[in-house]
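The values are calculated or read from the model by the stated rules, or taken from the named source; none is laboratory data. Everything quoted here is computed from the prediction, not taken from an experiment. Because the Cβ atoms are built from the backbone with ideal geometry, glycine has one as well, and the counts that use them run over all protein chains shown.
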Amino acid sequence: MDTSHIRNFCIIAHVDHGKTTLSDRLLEMTKTIEKRNMQDQLLDSMDLERERGITIKSHPVSMNYVFEGKEYLLNLIDTPGHVDFSYEVSRSLAACEGALLLVDAAQGVEAQTVANANLAMNQNLAIIPVINKVDLPSAHPEKCLQQVEDVLAIPADDAILASGKSGIGIKDILDAVVKKIPSPRLADYPQTRALIFDCVFDSYKGVICYVRIFSGTIKAGSDIQMMSNGARTTVKEVGRFKPNMVVEKELTAGCTGYIVTNIKDVTEIKIGDTITLSENPASEMLPGYKEVKPMVFAGIYPIDTADYEKLKTSLSKLQLNDAALIYQPENSVALGFGFRCGFLGLLHMEIIQERLRREYDLDIISTYPSVVYKLTTTDGSNIEIDNPVRLPDPSTIEKIYEPKIKAHIHIPSESIGDMLALIAEKRGFCERTENIDPTRVMITADLPLNEILIDFNDRLKSITRGYGSLDYEMNGYEASDLVRLDILVNGEQIDAFSSIVHREKAEAKGRMMCEKLKDILPRQMFKVAIQAAIGGKIVARETLGSFRKDVTSKCYGGDITRKKKLLEKQKEGKKRMKQIGKVSIPQEAFIDVLKSNK
């Protein structure tokens, strides 16, 4: 079994540094795709991916390339660049022996460039630095080469200057892949082992696993089993991506391709799992597998309650292609029936909501995103909470722990003061700052995850005029003084507005919510109190004035006591009305409040 002619590599970069455009040129150069079938961002198949210029799913492709008279098989995996999908990126890297590290010649090394380069180094991959977009008028290739050496500690002599748009340096890249990336590793392991680095659902074929075969052979009819849970199934079809699926007789060691199974549920397939043959199973899994856990939770409700069933089927269809999305039904007094959904991060949440609106034509509203808190209660038990409404009575809580992150923030040097102020405002602290070059700084900061959920990225971009970038990793849990903030309208708690906040910020947030509701809620025939409460203590209040009829209009002349008598009578009536009056909050008011707080 000769694997010396196979090279497996991927392209890693910060968001929007030109990975997908570069892969288009590689496909053209190797004649994998004819010119007439070519379109921009070919490997990004989703409308949303093309529109935003981001990669959401990994897309593998096999190319044939002749170098010095020998034909080589190059397997490329196009990876997502965003921090939310870092586990998928790490699995894609585990399926390769080398990586092209792309740096935008105009923007230099950014936060996710560093994060992805570190992931690749941890997997011991051969890294080929590529300075992309060198044909831009604002390009500074020399500066970028210096940053690659200083920040990433990768020798810049090996770097290739290229442009995905105009095709400069594409041949040099392909030659470097053949010369510098080693042939497939672990190929001499006695049993068959394959790594699942992604999977999708096809309505005709069922679940399709994207795999990299490390050792052995898998062909149609083989009985296979998953090593994480022992699930068994039969292979119906195997093949390669060129870039569309092409059926093959078998997949051998070193190859990247797909396997069609009998499994009908994507949640049974775990990304990063190892596949082996049932009759001669391997004893140890390929390294690096872990369960993916959602980090951010939000309620998703249909704006029209009649769309509940449609939302349910849409979420189940989305979950078929995205096993990281989890959801369970919940209902709220205010918003009716909906679902509590778990996401990998904020971008993942935004993409799921956008796909529901666009692909399934649904009008939806989401509640505040919240994170998973851990509690220890006075009787010694441990609970995890992802919904503020489920927080138990404060007297029974011993401690609340909140998730922390370690953030790496790249900013221009002149923005450092404002950035440190923002980190302090978000209850974080700066661990260290490093100069990347004379004009840019990298700040490493420790922050609570729930503080960066709503507006952190937007404010980072506005402070740095769009030049800042952020990458983060989870950094455990820490005990914190957190409380549940409830909003009461006319004495009734409105569960859709409940949130878990730090005690220091509770009063300011409560006041802001009360002021907002006062502007949005419709007036009643009686005065309505809008209050923010922590437990039994009211921390903020606004009063919504009542409609009043001018009862004194029929008095003309005469004594002032006649007017007073009529006003007193009206006051009594209002008081009686308030005791029996109910405030029903219209759906639009909820939508306005939740939208304005995004």
- prompt: So which residues in the stretch 411-432 are of a type in the set (Val, Ile, Thr), farther than 12 Å from residue 459 by Cα and under 26 Å from the mean Cα position of the chain (by Cα)?
  reply: 411
message: For the stretch 218-234: of the residues being surrounded by fewer than 17 Cβ atoms within 10 Å (Cβ to Cβ) and closer than 20 Å to residue 186 by Cα, which is nearest to the chain's Cα centre (by Cα)?
response: 228
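Looking only at the stretch 167-203, count how many residues are over 30 Å from residue 266 (Cβ atoms), assigned to a loop (DSSP other than H, G, I, E, B) and in contact with a Lys or Arg (Cβ under 9 Å, 6 or more places away or on another chain). Break it down into steps so the answer makes sense when it comes.
Filtering the stretch 167-203 down to residues over 30 Å from residue 266 (Cβ atoms) leaves 167-183, 188, 190.
Pick out the ones that are also assigned to a loop (DSSP other than H, G, I, E, B) and you get 167, 169, 181-183, 188, 190.
Restricting the remaining residues to those that are in contact with a Lys or Arg (Cβ under 9 Å, 6 or more places away or on another chain) gives 167, 181-183.
Total meeting the criteria: 4.
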message: Suppose we filter 518, 505, 461 for residues that are more than 24 Å from residue 426 (Cβ to Cβ), out of contact with any His (no Cβ under 8 Å at 6 or more places or on another chain) and part of a helix (DSSP H, G or I); which single one remains?
response: 518
message: Quick check on this structure: which one of 553, 584 is modelled with pLDDT under 65 and either acidic (Asp, Glu) or exposed (fewer than 14 other Cβ atoms within 10 Å of the Cβ) (or both)?
response: 584
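Of all residues in the stretch 246-288, which are of a type in the set (A, V, I, L, M, F, W, C), under 28 Å from residue 7 (Cβ atoms) and part of a loop (DSSP other than H, G, I, E, B)?
Listed by number, the residues that qualify are 253, 255, 269, 271, 282, 285, 286.
Output yes when any residue across the stretch 123-134 is of a type in the set (D, E, K, R), part of a helix (DSSP H, G or I) and in the same structural domain as residue 99 (by TED's automatic domain parsing), and no when none is.
no
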message: When you check residue 116 against the structure, is it on the phi < 0 side of the Ramachandran plot and either in contact with a Lys or Arg (Cβ under 9 Å, 6 or more places away or on another chain) or surrounded by fewer than 16 Cβ atoms within 10 Å (Cβ to Cβ) (or both), yes or no?
response: no
- prompt: Given the conditions (1) surrounded by 15 or more Cβ atoms within 10 Å (Cβ to Cβ); (2) under 20 Å from residue 505 (Cβ atoms); (3) among the hydrophobic types (A, V, I, L, M, F, W, C); (4) without any contact (Cβ under 8 Å) to a residue 40 or more places away in the chain, which single one is not true for residue 447?
  reply: (4)
task: Scan the stretch 457-489 for residues that are farther than 30 Å from residue 103 by Cα and either in contact with a helix residue (DSSP H, G or I) (Cβ under 8 Å, 6 or more places away or on another chain) or without any contact (Cβ under 8 Å) to a residue 24 or more places away in the chain (or both) and jot them down.
output: 481, 482, 483, 484, 485, 486, 487, 489
